[in-house]
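Taking it in order: structure first as structure tokens, then the write-up.
The values are calculated or read from the model by the stated rules, or taken from the named source; none is laboratory data. Computed from a predicted model, the values in this text were never measured in an experiment. Here the Cβ positions follow ideal geometry from the backbone for every residue, glycine too, while neighbour counts run over all protein chains shown. These area figures cover heavy atoms from the full protein model, side chains too; ligands, DNA and RNA do not enter into them. Shrake-Rupley method; radii C 1.70, N 1.55, O 1.52, S 1.80 Å.
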Amino acid sequence: MPEARRTSEALDGHHFEVVVIGAGMAGLASALRLAMFGKSVLLLEKHYVVGGLNSFFARGGRKFDVGLHAVTNFPPNGSAKVSPLIRLCRQLRIPFEELALSPQSFSRVAFPDVDLRFDNEFSFFLSEVERLFPREQDRFQKLLRTMEAFDAYSPEVAGDVSARSILGEHLQEPLLIEILLCPTCYYGSAVENDIDFASFVMLFDAIFRQGLARPLDGIRRFLDPILKRYEELGGKRRMNLGVKRIFTKNDKVERLELDNGESIFADHVISTCGVVETEQMLSSASADVKTDDIGRISILESIAVFKEQPADFGWEETIVFYNDADFFRYERPYELTDPRSGVICIPNNYRYPEGEQMPEGQLRVTCLANYDKWVALDENNYRLQKEICRKAMLDVALGYLPNGKSIGKDLEERTELLDIFSPRTITKFTGHLDGALYGSPRKSRDGSTPFGNLYLAGADQGYVGIVGAMLGGVAIANNRILRGD
Amino acid sequence: MDKEKVKKIVLDIIAEIAPDEDLTDVKSEIRLRDQLDLDSMDFLDIVMELRKQHGIEVPEAEYRQLESLDSSAEYLFPKFEAKAVA
Ligand SMILES: Cc1cc2nc3c(=O)[nH]c(=O)nc-3n(C[C@H](O)[C@H](O)[C@H](O)COP(=O)(O)OP(=O)(O)OC[C@H]3O[C@@H](n4cnc5c(N)ncnc54)[C@H](O)[C@@H]3O)c2cc1C
């Protein structure tokens, strides 16, 4: 197989029915979906691994996932079919069991005086809201009904309705509003201090109404079956080869120029690299980018690996969304990072099958970060600051774990391996401008662009996360290409 | 080819795209949506599989004809017949 890839034939002058730019979750899903129905598809990826924000890497003899904390939308007991994850498996004809997902233990949203727990039983989440906010009961129920009546997945849905304002119309306790915004923003808002209502509903359902899970072997459990099927169906894929320029004529894409200078032709082009990033590749691109269109949300993520299982320290939870004030700030910080709020993930704490477990403990912590500040650092300072920020982040995060402060004292010595992932890393590996985690605030729900045969899929459709990006890719393949045939 | 065969073809396709559905008791006259958990994406797949496996085209405006097994059989049978003759 590696042989075949190395001696890959020249592409120059070739024509494909569909070219998919980017082999992240959205690109993989749309390419597979199209290959299933006999389209000639070329999937181009400029990086050397697939997965985009959800790829994997090796460090110190260990394998890590880049962006997998939790697979959302895990179908709750007894109502499996309502989950978009099941829809996705059907559309890609991948048996749900093949993903080998194990559910979370429980997770928390931790604010100064409130610690809300949830697991994959929605009724438990509801009882926690009731316990902590008894006076909000009727209003919260009304909010749930508003959300249920809202078709968040519709391609026609308005993408610019503020969730903060809708929550404000329904609820009276500001703290409950912040507690609902914190996990949903972290899992998918491209705008600062808010999230659009459609994404809010999708993510609320994805996290609370459905649930969190993870395969023991990580993201490759998702990537491998997709690649295998895609290849069996004859889909073509090229790694280490990006699209450089998109030549347009009369409102249509005419030709794509690749990084190696070759030119290819396609009836349809699906770009998963982002709305602004795609516009910049257009031959007709104007030099000035509207800076408002570039996403401002980026992150610093640290991973610590140690010998013990986290449960041995008394850390049983899977995810903790924490915030040290009553108001949740979700914005580009003034400093390199803002350690006052973040997300902890302990991947060991999924309920893996009896007798199976990750061999070492892992603690992942994510905080918001300022892209401009990180790129301004020279190499030495970059390394130094990564270390300083990591420590500051960990220091706060440990305060949200049981006995975290005291256990944390010698955690450094126990640590076998550290890794850190900055806004610069995101841009380097995905090409996303400004290290924007969830893309641009300007979304194109139906994937349309001013060019009739060029569509956007993934994050800048407003479909985020692993399941979201894949559903977005499938929707574009269906609605833009297969349906119109 | 007869209408029962057409129903079987449609059911086989549903079994393929929705392996998690129990198809043992599907009633011919009742809308598929009302007895199974199928959405518009699944109906698109039924159409795509009809084309892929049998060369039968169903234009988008006529997807509704596949509402139930009975209506599918009525609608698809002439198409299968025409194929067999051709
Ligand atoms: C640290 C971290 C943790 C996360 N945790 C979770 C989680 O727990 N759960 C969850 O659901 N989601 C999580 N996410 C979010 C999730 O990873 C993303 O929302 C999703 O993967 C986006 O997929 P995408 O296909 O839209 O975009 P991307 O993954 O960005 O894919 C775009 C691809 O296009 C390629 N590309 C760009 N330009 C070109 C070009 N010119 N030519 C060719 N190829 C190009 C890029 O290299 C990339 O592979 C996390 C993300 C990060 C970074």
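Points to keep in mind about this one:
- Cross-link reach list, lysines versus A:Lys443, counting only Cα pairs under 29 Å and skipping chain neighbours closer than eight places: A:Lys39, A:Lys46, A:Lys81, A:Lys142, A:Lys236, A:Lys244, A:Lys249, A:Lys252, A:Lys290, A:Lys373, A:Lys428
- Taking both sides together, the accessible area buried where A meets B is about 1600 Å² for a 1.4 Å probe.
- For A:Arg108, solvent-accessible area (1.4 Å; no DNA, RNA or ligand), Å²: 20 Å²
- Under 23 Å from A:Lys409, Cα to Cα: lysines that are on another chain or at least 8 residues apart: A:Lys307, A:Lys386, A:Lys391
- Whole-Å distance, taken between Cα centres, linking segment A:181-196 and segment A:401-426: 25 Å
- Summarising the strand pairing of the protein assembly as shown, around 70 percent of its internal DSSP beta bridges are antiparallel.
- In this rough spin-label picture, where each label sits 7 Å from Cα along the Cβ direction, the A:Arg245-B:Lys27 distance is 6.4 nm.
- Residue by residue along A:314-324, Cβ atoms of other protein chains within 10 Å of the local Cβ number 0 on average.
- Segment A:296-429 - percent relative contact order, Cα under 8 Å, separation 6 or more: 39 percent
- In this simple spin-label approximation, A:Asp12 and A:Glu262 carry label points 7 Å from Cα along the Cα→Cβ vector, and these lie 1.0 nm apart.
- For the protein assembly as shown, the extents of the C-alpha atoms along the principal axes are 81, 58, 48 Å, listed from largest to smallest.
- Its relative contact order, with pairs defined as Cα atoms under 8 Å and 6+ residues apart, puts chain A at 23 percent.
- Peptide B:41-48 - average C-beta neighbours from other chains (10 Å radius): 5
- Computed with every protein chain present, the accessible area of A:Asp378 is close to 90 Å² [probe 1.4 Å].
- Rolling a 1.4 Å probe over the protein heavy atoms gives chain A an accessible area of 40 Å² per residue.
- 20 Å reach of a label modelled at B:Leu36, 7 Å along Cα-to-Cβ, counting backbone N of segment A:452-477: none
- 0 to 90° range, to nearest 10: angle between helix A:25-36 axis and chain A longest Cα axis: 50 degrees
- Taking GluC sites (Glu not before Pro) as exposed when DSSP calls them loop and at most 16 other C-beta atoms lie within 10 angstrom, chain A has its longest site-free stretch at A:361-485.
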